Each structure stands twice: as structure tokens, then as C-alpha cells.
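The values are calculated or read from the model by the stated rules, or taken from the named source; none is laboratory data. Nothing here was measured: the structure is a model prediction, and the numbers come from that model. Cβ placement follows ideal geometry from the backbone for every residue including glycine, while neighbour counts extend to all protein chains displayed. Accessible surface is based on the protein model in full, side chains and every heavy atom, while ligands, DNA and RNA are left aside. Shrake-Rupley method; radii C 1.70, N 1.55, O 1.52, S 1.80 Å.
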Amino acid sequence: WDWADGAPAQLPTDIDGGSLAPTITAISTGSDPVEVERPGEVVAHSPHYILTPDLMKNQRPASVLHSGPWKLTAWYETGELLLFNLTDEISESTDVATQYPVEYAQLRVRLRDYLKSVDAQMPTLDSQSFGLPAETNDVDQDGLPDVWELRELLTWKSGPDDDPDGDNRSNLVEFQQGTDPIVAD
């Protein structure tokens, strides 16, 4: 759009992105790259398994929210929700969720709410990865449907008796009542 001399006012108001033109121009002229300026957060969502030519899975379903120095990664198959501070450690080898519970909780809600707002396709977990012989909609066999657990960004590791938001209602009750399991009412 930038190179086509389009006016920014002609773009949709909810566009998510930034122009690569200044960066590409800088690189092509031998100058230092220019940081792409874009407002807001970056969300990446891949609900699929991606197979290599030898049919070994090498990409598992995941979602990521990158906001400022923070990166929250949800690995759906392992049930992990990991928080990284990229300013302190770019290698993403230390989960800092317990050191930064407020940031972790905020990012978790924002990622979950964003995925809901765009009606993102959620993964169907591979039952074989869980040692189950056939496809099921409840890989952890806890009575909570995977589609609900994953949509609420609870991951399958959250059990029916857990109460992540501390409102004295278990996940099972939140599911049955259609209430928010990670934000207290």
C-alpha cells in the first residue's frame, strides 16, 4: 500500500500491520534496517499440526501474543501456557509466569479474548498423542469438552475441580453456567 502511494486514510480502520517499505528500502540501500512500526500487539495462531515429508509431526498447535517485552505462548497439545520477558532473555528458555502473575493473567485474557473475537479455529487435539486409540472430544477425559477448555485458554491440564479465577466456582460449574473461568465476575 505504501509503495502504491495509497493514502493511510483509505485503509480500513481496523487494519493490523505496518509498512515494510522503509525497512526494505533501508536494506536495499545498505542502510541499517528500520523497525517496522505497527500499533498494538502481535498475535500468531496455528491450530494445526504440520507434517514433515517423512510424516513426523514437527509443528504442534499453538497461539502466541507478543506485547511489548512480553510473549505469552500457549502450546495446546502439552497444555503449557508460558510467559517470557524478551527484554531480559531473548532465547525464551525461562518461563517467568510465576514471577509476573499480573502480566501473565492480563496477557492470557487478552489472547483468549482476541481469539474469541475473530472466531479463531481452535485445534482438534491428536488423541494418539495422548495414548488414546480413537478420536475423542475430551483427550484428558475429565468431563470438560476440549473445545471449551481450549477456547477459554485453560488448556486440557485444567481439571473440572480447578478454579483459576478464584471465584469459588469450579471449571465444571463455569462450563455448566456459561460463565468466565479465568476472570472472576
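Here are some notes:
- Residues in region 21-43 that are surrounded by 11 or more Cβ atoms within 10 Å (Cβ to Cβ) and under 27 Å from Gln99 (Cα atoms): Glu41, Val42, Val43.
- Hits in region 78-103 - residues which are hydrophobic (A, V, I, L, M, F, W, C), without any contact (Cβ under 8 Å) to a residue 24 or more places away in the chain and open to solvent by less than 70 Å² (accessible area, probe 1.4 Å): Leu82, Phe84, Leu86, Val96, Ala97
- Entry remark, region 121-143: residues being under 18 Å from Glu174 (Cα atoms) and either at pLDDT 90 or above or small (Gly, Ala, Ser) (or both) number 1 in total.
- Residue within region 18-40 that is under 30 Å from Val147 (Cβ atoms) and β-branched (Val, Ile, Thr) present: no
- Among the residues of this structure, Ala134 does not count as one that is closer than 27 Å to Val183 by Cβ and surrounded by fewer than 18 Cβ atoms within 10 Å (Cβ to Cβ).
- Selection from region 1-32 of residues that are small (Gly, Ala, Ser), modelled with pLDDT of 80 or more and within 25 Å of Ser67 (Cα to Cα): Ala21
- The single condition from (1) within 28 Å of Gln59 (Cβ to Cβ); (2) open to solvent by less than 80 Å² (accessible area, probe 1.4 Å); (3) part of a loop (DSSP other than H, G, I, E, B) that Asp167 fails is (1).
- Filter result (surrounded by fewer than 17 Cβ atoms within 10 Å (Cβ to Cβ) and not polar (S, T, N, Q)) within region 137-162: Gly143, Pro145, Val147, Arg151, Lys157, Gly159, Pro160, Asp161, Asp162
- Lone unmet requirement of (1) at pLDDT below 95; (2) of a type in the set (A, V, I, L, M, F, W, C); (3) farther than 22 Å from Ile50 by Cα; (4) out of contact with any helix residue (DSSP H, G or I) (no Cβ under 6 Å at 6 or more places or on another chain) for Val109: (1)
- Test: residue in region 115-137 that is under 17 Å from Ala74 (Cα atoms) and in contact with a strand residue (DSSP E or B) (Cβ under 6 Å, 6 or more places away or on another chain): yes
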